[in-house]
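This report concerns only the one structure given below.
The values are calculated or read from the model by the stated rules, or taken from the named source; none is laboratory data. Remember, predicted model here, so these are calculated numbers, not experimental data. These accessible areas exclude ligands, DNA and RNA; they are computed on the full protein's heavy atoms, side chains included. Shrake-Rupley method; radii C 1.70, N 1.55, O 1.52, S 1.80 Å.
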Amino acid sequence: GGGRQGEGEGEGEGEWEYEVPNWGRLILPPMKRNRHVILDLCTADAQLERRIVTKSHGPEYGYREARKAEWGDAFHYGSAKADKMAAMEEE
């Protein structure tokens, strides 16, 4: 159920309808600090990455989700390179 797997819509059995490239798994408990959270993630491409989620970046960066996250949870993250490119475009 859930509509996640192809159900006779032209996909082969067991194939997913969509990819989720920017989800990682928390490999350590989040380090909650004043106005930011430090997350250690195992990324979708099996790399270890430390992400800092600040309150000042706004809700689209997932500050509240990062504060509520626990060890082992899946966490959606943006690409660090994409974040830098977006910041450069705004200037």
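Observations, loosely collected:
- Any hit, the range 45-66, residues being at pLDDT 90 or above and small (Gly, Ala, Ser): yes
- Per-region count, the range 1-19, residues open to solvent by less than 80 Å² (accessible area, probe 1.4 Å) and either modelled with pLDDT of 55 or more or of a type in the set (Asp, Glu) (or both): 3
- Scanning the range 26-71 for residues that are of a type in the set (Gly, Ala, Ser) and open to solvent by 30 Å² or more (accessible area, probe 1.4 Å) yields 44, 46, 56.
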